[in-house]
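Chemist: One structure, pasted below without further comment.
The values are calculated or read from the model by the stated rules, or taken from the named source; none is laboratory data. Note that the coordinates shown come from a computational prediction; the quantities given were computed from them, not determined experimentally. Note that each Cβ is placed from the backbone with ideal geometry, even for glycine, and that neighbours are counted across all protein chains shown. Note: areas computed on protein heavy atoms with side chains; ligands, DNA, RNA excluded. Shrake-Rupley method; radii C 1.70, N 1.55, O 1.52, S 1.80 Å.
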Amino acid sequence: MTFLERIECLKRLHQLIHRRATGAPAQLAIKLEVSESTVYALLTEAKELGALFRYNRTLQSYEYLHQTQFHIGFASLESIKITGGSRLFYPLL
């Protein structure tokens, strides 16, 4: 699997987890068109990238523990519009 194919799988995995529509790992493998072992590798990679999720037996789906977004890529700084903010850095006492 190429790097871009892996990113696309992670993107699709995120969409399915977000919708709580993954199913069990075997079903998820079918949805992602990969092997079940690849599903486990993708889940591990998602966790390594900071995703916090669990398998919900009642829903029979993985679900995020908190609202989660997945972003990867490049963007021009000119295309980013900052509409407000707050003080992010506080002096150390």
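Chemist: Run the 1.4 Å probe and let me know the accessible area of L77, rounded to the nearest 10 Å².
Modeler: Estimated to the nearest 10 Å², L77 gives 150 Å².
Chemist: Could you tell me which chymotrypsin sites (Phe, Trp or Tyr not before Pro) in the range 1-85 are loop residues by DSSP with no more than 10 other beta carbons within 10 angstrom of their beta carbon?
Modeler: Numbers: sites: F3, Y40, F53, Y55, Y62, Y64, F70, F74; in loops: F70, F74.
Here the sparse-neighbourhood loop sites are F74.
Chemist: Separate question: Let me cross-check S37: its accessible surface, 1.4 Å probe, with only protein heavy atoms counted, in Å² to the nearest 10?
Modeler: Its heavy atoms expose roughly 80 Å² to the probe.
Chemist: List the GluC sites (Glu not before Pro) within the range 2-76 that fall in a DSSP loop (any state other than H, G, I, E or B) and whose Cβ has at most 13 other Cβ atoms within 10 Å.
Modeler: Numbers: sites: E5, E8, E33, E36, E45, E48, E63; in loops: E33.
Sites meeting the loop and neighbour criteria: E33.
Chemist: I've got another one for you. With the cut-off at 1.5 for a/c, could you classify the range 1-74 from its C-alpha gyration tensor as rounded, prolate or oblate?
Modeler: Numbers: a/c = 1.83, a/b = 1.16, b/c = 1.58.
Cα axes put the range 1-74 in the oblate bin.
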